[in-house]
Amino acid sequence: MADCLFCSIIAGTTPAQIVLDTPDVVGFLDIRPVFKGHTLIVPRAHVPTMVEMSDEVMIPLFGAARSVAGAVRTAFGAQGSFVAVNNVVSQSVPHLHVHVVPRTKGDGLRGFFWPRTKYADETEASEYAGKLRAALAD
């Protein structure tokens, strides 16, 4: 897609620190990392969000994310990683991408980036679960 930043990185017209380049996916350092080594894994095909992703894209994309999650441990001495995908909300570039962020105990990142909530009771939780089950059945 002509106006997509990630497509231009994939095409080589916008510079990036490429760390992974395969026939199906490209991985490059995030220019505003949560921690240094924060990598974005993107499919070469322009796919806006996870919802539009085909099975043919999913396997190489998440396989690459798994490889990078392992590599950050070796490369940076990380104890693990935070792996995430935003869909529309908080997705600054509308091209599917997986964040792989190196993590170490005591790095200051606490759980998720947003506040947590509770269900009022089991009845409310059951209602939410039922709505989700119905949507999945459609």
Q) In terms of modelled amide H atoms, which long-range or inter-chain residues lie less than 5 Å from the amide H of Phe82? A) Val101, Arg103
Q: Enter the angle in degrees (range 0 to 90, nearest 10) between the Cα long axis of helix 122-137 and the first principal axis of the Cα atoms of the chain, meaning the one along which they spread out most.
A: 50 degrees
Q.
Can you compute 3J(HN,Hα) from phi for each residue in segment 92-107, using the Karplus curve 6.51 cos²θ - 1.76 cosθ + 1.60 with θ = phi - 60°, rounded to whole Hz and x for Gly and Pro?
A. 6, 10, x, 9, 3, 8, 10, 8, 10, 10, x, 10, 9, 4, x, 6
Q) Going by a ≥ b ≥ c, the root eigenvalues of the Cα gyration tensor, does segment 1-129 fall in the rounded group (a/c under 1.5), the prolate group (a/b larger than b/c) or the oblate group? A) oblate
Q | Longest segment of the chain lacking trypsin sites (Lys or Arg not before Pro) that sit in a DSSP loop with at most 11 other Cβ atoms within 10 Å | A | 37-104
Q. Using Cα atoms only, what is the angle between the long axis of helix 55-76 and the major principal axis of the chain, expressed in degrees (0 to 90) to the nearest 10?
A. 70 degrees
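Any read-out appearing in this document is the output of simple, stated calculations on the displayed coordinates, not a laboratory observation. Note that the structure is predicted; figures quoted are calculated from it, not measured. Glycine also receives a Cβ, built like all others from the backbone with ideal geometry; neighbour counts cover every protein chain displayed.
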